[in-house]
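Only one structure is covered here, and it is reproduced in the block below.
The values are calculated or read from the model by the stated rules, or taken from the named source; none is laboratory data. All figures in this text were calculated on a predicted structure; none of them were measured in a lab. FYI the Cβ positions are ideal-geometry reconstructions off the backbone, even for glycines, and counts take in every protein chain you see. SASA here: full protein model, heavy atoms, side chains in, ligands and nucleic acids out. Shrake-Rupley method; radii C 1.70, N 1.55, O 1.52, S 1.80 Å.
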Amino acid sequence: MPALLIVGFGDVAKRALPALLARYWPVYALVRSAEAARAAAARDAVAVVADLDRPDSLAALAGLADRILHLAPPGPTGTRDERTRALADALTARGMLPQRRHAIDLQRLVYVSTTGVYGDCGGAWIDETRPVNPQTDRARRRVDAERALIELGERTGASVSILRAPGIYAADRLPVERLARGTPALRPEDDVYTNHIHADDLARACVAALERGAPGRVYNVVDDSAMKMGEYFDLVAERAGLARPPRVARAEAARQLSPVALSFMTESRRIANRRMKEELAVVLRYPSVREGVPLAVALAAAPSPKRS
């Protein structure tokens, strides 16, 4: 069985792990602490303790696996993703490890990026042919990561596929605290279209892309929702038994919200997912937030199982 390295062993990786363990062995998990290593081992992953912010710690990655699932976010500042660039350098640095005389060749890499790379599209429907137009440093770092990995594929012959995901939601990823605070949303005439994917469906898309992703190909991993942001907040509020957020004009929102919060209200787009469905053969478990949010709210409200 091919070996797989997961870079970014967070929630989505853990959701994908059972399906990955059935297809790859060993499954390595890049983690930064002994505690995280124990958690990975408890899930049958082989922990590799290293840190993308410390390139000198990454030497063990060279030739370790022939499949890579890259879920780690960029660092918090700048317009370059130095973490992804350090990873790319480490994966191709076999010369530093002469003891790996039969090092595994990197064959396939899947990177989870963001639909934020498209920037503001004025609410238009777009697909993967839309040129990137990042309007925040956060999105520029993602574009830099995508380009670095595509270049890695061109240098090594590895098949590199990019998944662009929007806002991820699940039981522990709902805007409940925001709603409880009464944070306002934009009035309908000022509101923006937003896009969503359930964490389970993103995990399923990762598994599919590792099997069927085409070299240099970009896939939008979004559900079928075509909803404005305020409508999404209203849906979560209704299901969670909270008051709907007050609606305000954009000028008033600029006075009340932080620059980061407001930045998510300045880009509007509706994103098509035909490529994901036809080429990756992903069947969404939650076709839209109208199916996914009620279950997510119910799971969030359920008591946690007791530990022995």
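Return a yes/no flag: does region 54-68 have any residue that is surrounded by 15 or more Cβ atoms within 10 Å (Cβ to Cβ) and on the phi > 0 side of the Ramachandran plot.
First, the residues of region 54-68 that are surrounded by 15 or more Cβ atoms within 10 Å (Cβ to Cβ): 55, 57-58, 60-68.
Filter once more, so that each one left must be on the phi > 0 side of the Ramachandran plot: 63.
Within region 54-68 (the criterion being surrounded by 15 or more Cβ atoms within 10 Å (Cβ to Cβ) and on the phi > 0 side of the Ramachandran plot), the answer is yes, since at least one residue qualifies.
Identify all residues within region 158-174 that are touching a Pro at 6+ places or on another chain (Cβ under 9 Å) and not aromatic (Phe, Trp, Tyr); write none if there are none. Spell out the reasoning first.
Step one: list which residues in region 158-174 are touching a Pro at 6+ places or on another chain (Cβ under 9 Å), which gives 158-161, 169.
Result: Ala158, Ser159, Val160, Ser161.
Within region 245-258, identify whether any single residue is within 19 Å of the chain's Cα centre (by Cα) and open to solvent by less than 30 Å² (accessible area, probe 1.4 Å), and answer yes or no. Lay out the reasoning, then the answer.
Quick first cut of region 245-258, residues within 19 Å of the chain's Cα centre (by Cα) only: none.
No; the residues of region 245-258 include none that is within 19 Å of the chain's Cα centre (by Cα) and open to solvent by less than 30 Å² (accessible area, probe 1.4 Å).
Within region 28-53, how many residues are in a strand (DSSP E or B) and of a type outside the set (Gly, Ala, Ser)?
So the first thing to find is which residues in region 28-53 are in a strand (DSSP E or B), and the list is 28-31, 46-49.
Still in the list and also of a type outside the set (Gly, Ala, Ser): 28, 30-31, 46, 48-49.
Going through region 28-53 one residue at a time, the tally reaches 6.
Output the qualifying pairs, or none if there are none: Cβ atoms under 9 angstrom, residues six or more apart or on different chains, first residue in region 259-270 and aliphatic (A, V, I, L, M), second residue in a loop (DSSP other than H, G, I, E, B) and open to solvent by 30 Å² or more (accessible area, probe 1.4 Å).
Once the first residue is aliphatic (A, V, I, L, M) and sits in region 259-270, its partners that are in a loop (DSSP other than H, G, I, E, B) and open to solvent by 30 Å² or more (accessible area, probe 1.4 Å) give Met265/Asp190.
Of all the residues that make up region 202-261, how many are over 28 Å from His70 (Cβ atoms), in contact with a helix residue (DSSP H, G or I) (Cβ under 8 Å, 6 or more places away or on another chain) and basic (Lys, Arg)?
3
Any residue at all in region 25-32 that is closer than 24 Å to Ala165 by Cα, open to solvent by 20 Å² or more (accessible area, probe 1.4 Å) and not hydrophobic (A, V, I, L, M, F, W, C)? Give the derivation first.
Step one: list which residues in region 25-32 are closer than 24 Å to Ala165 by Cα, which gives 27-31.
Then keep just the ones that are open to solvent by 20 Å² or more (accessible area, probe 1.4 Å); that gives 28.
Subsequent filtering for residues that are not hydrophobic (A, V, I, L, M, F, W, C) retains 28.
Yes, some residue in region 25-32 is closer than 24 Å to Ala165 by Cα, open to solvent by 20 Å² or more (accessible area, probe 1.4 Å) and not hydrophobic (A, V, I, L, M, F, W, C).
If Val49 passes every condition in (1) open to solvent by less than 50 Å² (accessible area, probe 1.4 Å); (2) modelled with pLDDT of 95 or more; (3) touching a strand residue (DSSP E or B) at 6+ places or on another chain (Cβ under 9 Å); (4) among the hydrophobic types (A, V, I, L, M, F, W, C) but one, which one does it miss?
With respect to (1) open to solvent by less than 50 Å² (accessible area, probe 1.4 Å); (2) modelled with pLDDT of 95 or more; (3) touching a strand residue (DSSP E or B) at 6+ places or on another chain (Cβ under 9 Å); (4) among the hydrophobic types (A, V, I, L, M, F, W, C), Val49 is out only on (1).
Scan region 204-222 for residues that are buried (at least 23 other Cβ atoms within 10 Å of the Cβ) and more than 26 Å from Pro294 (Cβ to Cβ) and report the count.
Residues flagged as buried (at least 23 other Cβ atoms within 10 Å of the Cβ) and more than 26 Å from Pro294 (Cβ to Cβ) within region 204-222 amount to 4.
Report every pair of residues separated by at least 6 positions or lying on different chains whose Cβ atoms are under 7 Å apart, first residue within region 177-206 and aromatic (Phe, Trp, Tyr), second modelled with pLDDT of 95 or more.
Tyr193/Gly123; Tyr193/Lys228; Tyr193/Ser268; Tyr193/Arg269; Tyr193/Arg270
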